[in-house]
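Structure first, then comments.
Since every read-out is calculated from the coordinates, none of them should be taken as a lab result. Computed from a predicted model, the values in this text were never measured in an experiment. Note: ideal-geometry Cβ built from the backbone for every residue, glycine included; neighbour counts use all protein chains shown.
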Amino acid sequence: MSILTVLPPFIDPEQRGLIMGAMPLMSIASSMTLGVWMLRHVSAVRVVESGFALSFLCVIWLWSSPGAPLACLALAASMGLIQGRALPRCHS
């Protein structure tokens, strides 16, 4: 996640370590939960499209409010959907 290299200067120093540590975990969690659930109901292409659309919205959020912790975590979660498309399709 190369975004981790450009975000730190914008985040409050008191929260920086927590947010930077939580972002990869947020990405993994969304990939393994929401991503897997979505793959059961829609195509992998739709999951990736959703991830990119949500990432775009999160970037707009970060642009309007630089370093907002919740926006950083939301961006990581949306990028988890993009990486989650590589998971095998789950069947019931």
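For region 20-76, a/c is not less than 1.5, where a ≥ b ≥ c are the root eigenvalues of the C-alpha gyration tensor, and a/b does not top b/c. That puts it in the oblate class.
Taking the C-alpha atoms only, the angle from helix 44-64 to the longest principal axis of the chain is near 10 degrees. Here the simple spin-label model places points 7 Å from the Cα toward Cβ, and for Ser65 and Phe10 these points are separated by 1.3 nm.
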